[in-house]
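J.: One structure, pasted below without further comment.
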Amino acid sequence: MDLMENQVWTLAEQWEGKLKPISYELLAWGRNLADKLNAPLVSVVMGNGIPRETLETLVHYGADEVYCVQHPRLSHFTCESYARVLERLIQTRRPTILLGGATTTGRTLLPYLAVKVGTGLTADCTALDIEPGTGNLLQTRPAIGGNIMATIKTPNHRPQMATVRPRSKKPLCPDPTRKGRIETIEAPEEWMDNRVQFLELQALDEDGNSLESADIVVSGGKGLKKAENFSLIRGLAEELGAAIGASREAVERGWISYPHQVGLSGKTISPKLYIAVGISGSIQHLAGIKSSETILAVNSDPGAPIFQVANFGIVGDLFQVIPRIRDRLREYRMRKQQEGTHGCEE
């Protein structure tokens, strides 16, 4: 097999010439696969005027090669033009694996691209591995409402394509001394699709948008019993300066809006502290929080699955536990304030 045909590709994303974090996270997924296949790991980025030093960071985070496709029309994402560029690269360079993020870009682009190149796509994977002997990509994701984990293969078509959720894996530690090849490809005009024009980007004004970047997230679930009781979650979140999350059950009951949903059917997050209140812990929910640094669970059921992944667990009535936690937080804050003013001049 030609070495170029054995490449593992990851799709980097950029906005106004700056790479998004998912670009580095995908390299962590791809590095493991490429090493098992003894194959080069390539990061593909499309844009216009992206500085070379920015591209070099992809090498520092694990890429062996970087393909940077440039054209003014690639400055902003449009599915049709991006797909045409990737289709032509795939036809000429024939990678064995292509990984993308389950972002707005990835979820729009990769299904469209998979149809154009005649291959399969497994979305929202929670695990990726190489099958011994065949070199096939093993793509694992929740199925049947998150009740089972399915492993999917694409044995007869290439490239094998999969998406993974943002923040589902931490980037590798960057190595500024690492060397790699950077190839700039000037895309001809015929690669562009002129049927769609980028006009502007408008931000969605939803307070759930801060979930993915929050250091602390407090989430509520079915155990809250009714929408009014989400005031407990909001109060605790306010005390901690945290973002508010929710289980799918709470969202489906209409207690809180969808932008707050945590899990594979909502948002995958990795805060420093995740507090799950009244959440039993379905497979799809656990997959969305597994990369959190610390998980605290409050549930009245000692057998709840959430306790299997929690670093700290409180078995008790949340309607008693949460007010007591808030009281202790207020006491702690007042004590620190008093200690801070002790001995100061008036």
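Throughout, read-outs are computed from the coordinates displayed, never taken from laboratory work. All figures in this text were calculated on a predicted structure; none of them were measured in a lab. As a convention, Cβ positions derive from the backbone with ideal geometry for all residues, glycine included, and neighbour counts pool all protein chains shown.
J.: With a cap of 12 neighbouring Cβ atoms within 10 Å, and only residues DSSP puts in a loop, list the GluC sites (Glu not before Pro) found in region 244-324.
T.: Answer by residue number: E293.
J.: Could you check what % of the DSSP bridge pairs in the chain are antiparallel, to the nearest 5?
T.: Beta bridges within the chain, antiparallel portion: roughly 20 percent.
J.: Kirkwood hydrodynamic radius for the chain: how many Å is it when counted over pairs of different Cα atoms?
T.: In the chain this quantity evaluates to 22.0 Å.
J.: Return the lysines within reach of K170: Cα separation strictly under 20 angstrom, same-chain partners fewer than 8 residues apart disregarded; answer none if there are no such residues.
T.: Reachable lysines: K18, K20, K36, K267, K272, K290.
J.: Pairs of alpha-carbon atoms within less than 8 angstrom and 6+ residues apart define the contacts here; what relative contact order does region 207-322 have, in percent?
T.: 25
J.: For region 3-191, give me the percentage of DSSP beta bridges that are antiparallel, rounded to the nearest 5 percent.
T.: Taking every DSSP beta bridge with both residues in region 3-191, the antiparallel ones total about 30 percent.
J.: So, one more: Taking Rh as the Kirkwood radius computed over C-alpha pairs, what is the Stokes-Einstein D of region 148-273 at 10 °C in a medium of viscosity 1.306 mPa s, expressed in µm² per second?
T.: Diffusion coefficient, whole number: 84 µm²/s.
J.: Same structure again: Using the Kyte-Doolittle scale, find the helices of the chain whose mean hydropathy is at least -0.5 and whose Cα atoms extend 18 Å or more along the helix's long axis, counting only whole DSSP H runs.
T.: Answer set is 21-37, 79-93, 104-117.
J.: Still on this structure, I have one more. About the Cα centre of the chain, how large is the charge dipole given +1 on each Lys and Arg Cβ and -1 on each Asp and Glu Cβ? Please answer in debye to the nearest 20.
T.: Result for the chain is approximately 760 debye, rounded to the nearest 20.
J.: Any idea what the relative contact order of the chain is, in percent, if you count C-alpha pairs under 8 Å spaced at least 6 apart?
T.: With pairs under 8 Å counted, the relative contact order is 14 percent.
J.: Okay, helix-only estimate at 222 nm for the chain: each DSSP H run of n ≥ 4 adds -39500 (n - 2.57), divide by all residues, round to 500 deg cm²/dmol; what do you get?
T.: -9500 deg cm²/dmol
J.: Compare the Cα positions of L37, L19, Q70 along the charge dipole of region 1-97 (+1 at Cβ of Lys, Arg; -1 at Cβ of Asp, Glu; about the Cα centre) and return the one farthest towards the positive end.
T.: Of L37, L19, Q70, it is Q70.
J.: Okay, moving on. Among 109-117, 188-196, 219-227, how do they line up from the highest to the lowest mean number of other beta-carbon atoms within 10 Å?
T.: Put in order of decreasing packing, that is 219-227, 109-117, 188-196.
J.: Using a cut-off of 12 Å between beta-carbons, work out the net charge of the residues near T126 (Lys and Arg +1, Asp and Glu -1, T126 not included).
T.: +2
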